[in-house]
Amino acid sequence: MDCKTNELSIQEMESYFSEDYLHFSDLVNPPEVSDREMEAIWKLLSLGCGSPVLELGCGYGRIANRLAEKGARVTGLDISPSLLKKAATDAAERRVDVEYVHGDMRSLPWRERFDAVILWFTTFGYFDEADNERVLHEAAASLRKGGRLLIDQINRFHLLREQSPTYDIVQRDNDLRIDIINNDALTDRRNNERIVIRGGCVRRMHLSIRQYGFSECSRMLRSAGFDSVEAYGQEGEEFTSYGPRLVVVAYK
Ligand SMILES: C[S@@+](CC[C@H](N)C(=O)[O-])C[C@H]1O[C@@H](n2cnc3c(N)ncnc32)[C@H](O)[C@@H]1O
């Protein structure tokens, strides 16, 4: 198999986060999971009614729309037109007002506007080192003084217990989503070859994510302008090397 390890082009990213991604999404993230995650984010970031919040890589709005329902003033940015369309439809159904923006998280139009910026559900690390750092600089610039950035990512220590490759299959009726995941210790990247079999058609796509540990992340965040950085488990509990997630909260 041709296992690419480099960061992705915009076209590859759009093909990965497309209609196929949406097709299996509620099986991967059922509504009750999204409800719980939104509550954890709300607490971790000490949000209040009217807090201006930016979600980078907001996808189909499962978190952004829930934050808006709870009372935050939410802006969601994403590179995928099809996911943004779904996010806006869902916002309308929930009767919440969310500003959805099509754009690239490496270049943001806002300066000192938000109380909080979120990169949720493994949405950080798609690019090369320089561009990943650029995302953090852009997030910092979008925050007001005292603002917080939250990054939810896989805990690298948890991956040590994983076989490589790992096979993950999601099924909806006759359709299948097959992930073949390799952890590359030489590049510190997690590479996913995805095969979607849907309506009799087969499509292949690829995603590669840089896996940052807490100390590396913390160094990058400080150099992007954050004063302090904390680590948690996914629901705000104490971070341990055994937990599946590393949630980082950085204060500007
Ligand atoms: C794993 S999904 C997470 C979506 C959402 N945060 C959630 O929790 O469901 C990552 C998202 O990042 C978006 N994305 C990828 N590259 C991007 C870029 N350069 N700029 C903005 N969004 C991007 C994808 O389109 C996708 O919606």
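Laboratory data are not the source of any read-out in this text; all were calculated from the coordinates shown. Source: prediction; values computed, not measured. Cβ atoms come from the backbone with ideal geometry, glycine included; neighbour counts cover every protein chain shown.
When the helices in the chain are scored as -39500 (n - 2.57) per DSSP H run of 4 or longer and the sum is shared across all residues, what 222 nm value do you end up with, to the nearest 500 deg cm²/dmol? Intermediate results must be reported in sequence, preceding the final value.
On the way: 9 runs with 79 residues, N = 252.
Using -39500 (n - 2.57) per qualifying helix, the result is -9000 deg cm²/dmol.
What does the charge count near Asp90 come to, summing +1 for each Lys or Arg and -1 for each Asp or Glu among other residues with Cβ under 12 Å from its Cβ? Don't skip to the end; give the middle numbers.
On the way: positive: Arg62, Arg66, Lys85, Lys86, Arg94, Arg95; negative: Asp26, Glu69, Glu93.
Summing Lys and Arg as +1 and Asp and Glu as -1 gives +3.
Let me know the charge dipole size of the chain about its Cα centre in debye, to the nearest 20, where only the beta-carbon of Lys, Arg (+1) and Asp, Glu (-1) is charged.
Working: 33 positive and 41 negative charges, 86 e Å.
Computed charge dipole of the chain: roughly 420 debye.
Among Asp152, Asp175, which comes first, second and so on when ranked by fewest other beta-carbon atoms within 10 Å?
If I rank by nearby Cβ atoms, fewest first, I get Asp175, Asp152.
Extending each Cα 7 Å along its Cβ direction at Tyr242 and Asp97, get the distance between those two points in nm, one decimal.
Going from the Tyr242 label point to the Asp97 one covers 4.8 nm.
Label points 7 Å out from Cα along the Cβ direction at Asp175 and Lys145: separation in nm?
The two pseudo-label positions are separated by 5.0 nm.
Ranking Lys145, Lys70, Lys252 by Cβ neighbours within 10 Å, fewest first, what do you get?
Details: Lys145 8, Lys70 17, Lys252 21.
Fewest-to-most Cβ neighbours within 10 Å comes out as Lys145, Lys70, Lys252.
How much net charge surrounds Ile181 when only the other residues with a Cβ under 12 Å from the Cβ of Ile181 are counted, with Lys and Arg +1 and Asp and Glu -1?
Numbers: positive: Arg189, Arg190, Arg194; negative: Glu162, Asp168, Asp179, Asp184, Glu193.
Charge balance near Ile181 sits at -2.
Take the Cβ-Cβ distance between Glu69 and Leu160 as r, set R0 to 51 Å, and report the resulting FRET efficiency rounded to the nearest 0.05. Walk me through the numbers on the way to the answer.
Working: r = 38 Å, r/R0 = 0.74.
Computed FRET efficiency for Glu69 and Leu160 comes out at 0.85.
In terms of the Cα gyration tensor, with a ≥ b ≥ c the square roots of its eigenvalues, is the stretch 96-167 rounded because a/c is under 1.5, prolate because a/b exceeds b/c, or oblate? Each step should come with its number before you reach the end.
Numbers: a/c = 2.13, a/b = 2.00, b/c = 1.06.
Prolate shape, in that a/c is at least 1.5 and a/b is the bigger ratio.
Using only Cα atoms, what is the ratio of the radius of gyration of the stretch 159-206 to 2.2 N^0.38 Å? Could the numbers behind the result be given before it?
Working: Rg = 12.5 Å, N = 48, 2.2 N^0.38 = 9.6 Å.
Computed over Cα atoms of the stretch 159-206, the ratio equals 1.30.
Semi-axes of the equivalent ellipsoid for the stretch 1-140, please: Cα gyration tensor eigenvalues, times 5, square-rooted, ordered largest first, whole Å. Numbers along the way, then the final one.
Working: eigenvalues 114, 72, 37 Å².
Semi-axes from the Cα gyration tensor: 24, 19, 14 Å.
Please report Rg over Rh for the chain, where both radii come from the alpha carbon positions and Rh follows the Kirkwood definition.
Details: Rg = 17.5 Å, Rh = 18.5 Å.
That ratio is 0.94, to two decimals.
If you add up the charges near Ile79, with Lys and Arg at +1 and Asp and Glu at -1, over every other residue whose beta carbon is less than 9 angstrom from its beta carbon, what do you get? Please list the in-between numbers first.
Working: positive: none; negative: Glu14, Asp78, Asp104.
Once positives and negatives cancel, what remains is -3.
Residue separation times 0.36 nm, minus the C-alpha to C-alpha distance between Tyr251 and Leu22: what's the value? Walk me through the numbers before you get to the answer.
On the way: separation 229, 0.36 × 229 = 82.44 nm, distance 3.27 nm.
So the chain would gain 79.2 nm between Tyr251 and Leu22.
At 0.36 nm per residue, and after removing the present C-alpha to C-alpha distance, how many nm does the segment from Ala185 to Arg222 gain when stretched out fully?
On the way: separation 37, 0.36 × 37 = 13.32 nm, distance 2.50 nm.
Once the chain is fully extended between Ala185 and Arg222, it gains 10.8 nm.
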